[in-house]
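The values are calculated or read from the model by the stated rules, or taken from the named source; none is laboratory data. Predicted model only: the values in this text are computed from it and were never measured. For neighbour counting, all protein chains shown are included, and Cβ atoms are generated from backbone atoms with ideal geometry for every residue, glycine included.
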Amino acid sequence: MKVGVTSQNFRTITGHAGKTRRFIIYEVDRNQPAQEIKRLDLPKEMSLHETGSSEPHPIDELDILITAGCGDGFRRKMADRGIQLLITGETDPEKAVESLVE
């Protein structure tokens, strides 16, 4: 499965998910270490806040998105896209993703 993490600085999990333009993408297989496969650094007009729910978006490939925080509108957008949303207090992207397979 593919898991994305909102990370404006590519070091920590950040909130304001609707305005985030940077994502770390991991491939996760049960009982295997998560593997970072790419990073998205999108232009401002491609933030999910600016993108309609029916418009294609690079995160559409995700099964799960992990973030530090978001509003109700963002939750609805993720549900519309079929992406499971997880809110975490963890700041380390790798630790948050690894917790999915433990």
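Among the conditions (1) within 12 Å of the chain's Cα centre (by Cα); (2) crowded, with 20+ Cβ neighbours inside 10 Å; (3) part of a helix (DSSP H, G or I), the only one that Lys77 does not satisfy is (1). Of all residues in segment 44-88, those that are closer than 16 Å to Gln8 by Cα and out of contact with any strand residue (DSSP E or B) (no Cβ under 8 Å at 6 or more places or on another chain) total 6.
Residues of segment 65-74 that are more than 12 Å from the chain's Cα centre (by Cα) and outside any helix (DSSP H, G or I): Gly71 alone.
Could you tell me whether Lys77 is modelled with pLDDT under 95, out of contact with any Phe, Trp or Tyr (no Cβ under 6 Å at 6 or more places or on another chain) and closer than 15 Å to Gly4 by Cβ? The answer is yes for Lys77.
For Ile59, all conditions in the list (1) in contact with a Lys or Arg (Cβ under 9 Å, 6 or more places away or on another chain); (2) free of Cβ contacts under 8 Å to residues at least 60 places away in the same chain; (3) surrounded by fewer than 18 Cβ atoms within 10 Å (Cβ to Cβ) hold save one; what is the number of the exception? Going through the list (1) in contact with a Lys or Arg (Cβ under 9 Å, 6 or more places away or on another chain); (2) free of Cβ contacts under 8 Å to residues at least 60 places away in the same chain; (3) surrounded by fewer than 18 Cβ atoms within 10 Å (Cβ to Cβ), Ile59 breaks only (3).
Can you find a residue that is more than 13 Å from the chain's Cα centre (by Cα), in contact (Cβ under 8 Å) with a residue 40 or more places away in the chain and surrounded by 13 or more Cβ atoms within 10 Å (Cβ to Cβ) anywhere in segment 11-19? No, segment 11-19 has no match at all. Out of all the residues in segment 83-102, which are of a type outside the set (Val, Ile, Thr) and either modelled with pLDDT under 95 or assigned to a helix (DSSP H, G or I) (or both)? Pro93, Glu94, Lys95, Ala96, Glu98, Ser99, Leu100, Glu102, listed by residue number.
Conditions tested, residue by residue: (1) modelled with pLDDT of 95 or more; (2) assigned to a strand (DSSP E or B); (3) under 20 Å from Asp80 (Cβ atoms); (4) of a type in the set (Val, Ile, Thr).
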{"position": "Val3", "(1), (2), (3), (4)": "yes, yes, yes, yes"}
{"position": "Thr12", "(1), (2), (3), (4)": "yes, no, no, yes"}
{"position": "Phe23", "(1), (2), (3), (4)": "yes, yes, yes, no"}
{"position": "Asp29", "(1), (2), (3), (4)": "no, no, no, no"}
{"position": "Gln32", "(1), (2), (3), (4)": "no, no, no, no"}
{"position": "Glu45", "(1), (2), (3), (4)": "no, no, yes, no"}
{"position": "Gly52", "(1), (2), (3), (4)": "no, no, yes, no"}
{"position": "Pro56", "(1), (2), (3), (4)": "no, no, yes, no"}
